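Here, each number is a calculation from the coordinates, and none is a lab measurement. Source: prediction; values computed, not measured. Positions of Cβ are generated from backbone atoms using ideal geometry, with glycine treated the same way; all protein chains shown enter the neighbour counts.
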């Protein structure tokens with residue numbers, strides 16, 4: 001069964017600090033992995049997308065890594081801002097266009 | 001990039017009534033659209049997949065007679081919640097995929113449904 005697990009479930013950090021979110025996936029066959037940011041009451045917005053051959057992908061202050069051997073991914077947020085407060089969802093794409101969603105990490109950035 | 005819209009963004013309806021939610025792909029032809037439901041503090045749960053011109057495929061546990069999905073064109077899919085009950089209150093999100101999006105799913109902004 002395809003699964004995506006994220007940790008931690010929730011996280012509180014101070015503004016300006018860095019943080020790293022984790023994602024473990026068991027999706028086969030594996031096509032790609034995306035990290036999404038979802039603000040409360042909004043749809044998910046894609047931050048990064050990586051295939052099995054990519055190790056690192058950056059988007060501004062967001063840097064995602066992927067280890068296809070261990071089936072792990074991380075999302076690193078640098079110099080956090082209050083607007084980073086949101087849920088971050090790891091999503092793996094398998095066969096066709098079907099997606100497996102992680103449970104998300106709820107990040108709160110405090111001033 | 002691929003843009004997907006939903007209408008309305010929020011709706012309040014009385015128990016027993018029906019409500020329709022629209023999902024549109026604005027700049028590409030969506031051969032497949034997906035409908036998700038998201039309860040507070042939970043991740044998205046796939047309800048159904050619809051291909052243009054075909055009947056939707058529902059996930060296990062989703063009542064097809066309660067959640068009517070129509071995908072009559074390559075840019076529009078609708079979800080109708082029939083005889084809504086308070087437990088149907090949720091955040092409904094659609095996504096669309098097609099050749100132009102390299103068959104990646106692009107998500108709409110969601111519709112908040114509250115049934116009183």
Between the stretch A:14-75 and the stretch B:93-116, what's the alpha-carbon centroid distance in Å?
20 Å
Proxy exposure order for B:50, A:85, B:90 (fewest C-beta within 10 Å first) is A:85, B:90, B:50
Using a Gaussian network model of chain B whose springs link C-alpha atoms within less than 10 Å, name the residue from B:32, B:78, B:57 with the highest mean-square fluctuation.
B:57
Per principal axis, descending, Cα span of the protein assembly as shown in whole Å:
48, 38, 33
Exposure proxy order (Cβ contacts within 10 Å, fewest to most) of A:54, A:5, B:104:
A:5, A:54, B:104
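What per residue convex hull volume, in Å³, do the alpha-carbon atoms of the stretch B:14-116 yield?
92 Å³
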What number, in percent, do you get for the relative contact order of the stretch A:41-100 if the mean sequence gap of Cα pairs under 8 Å and at least 6 apart is divided by its residue count?
18 percent
Most exposed first, judged by fewest Cβ atoms within 10 angstrom, B:75, A:51 run A:51, B:75
Within the stretch B:81-116, name every residue whose backbone N is under 11 Å away from a label modeled 7 Å from Cα of residue B:66 along the Cβ vector.
B:82-89
Let me check against my output: what whole-number percent is the relative contact order of the stretch A:6-111, with C-alpha pairs under 8 Å and at least 6 apart?
38 percent
Neighbouring partner chain Cβ atoms per residue of A:44-51, average, 10 Å criterion
3
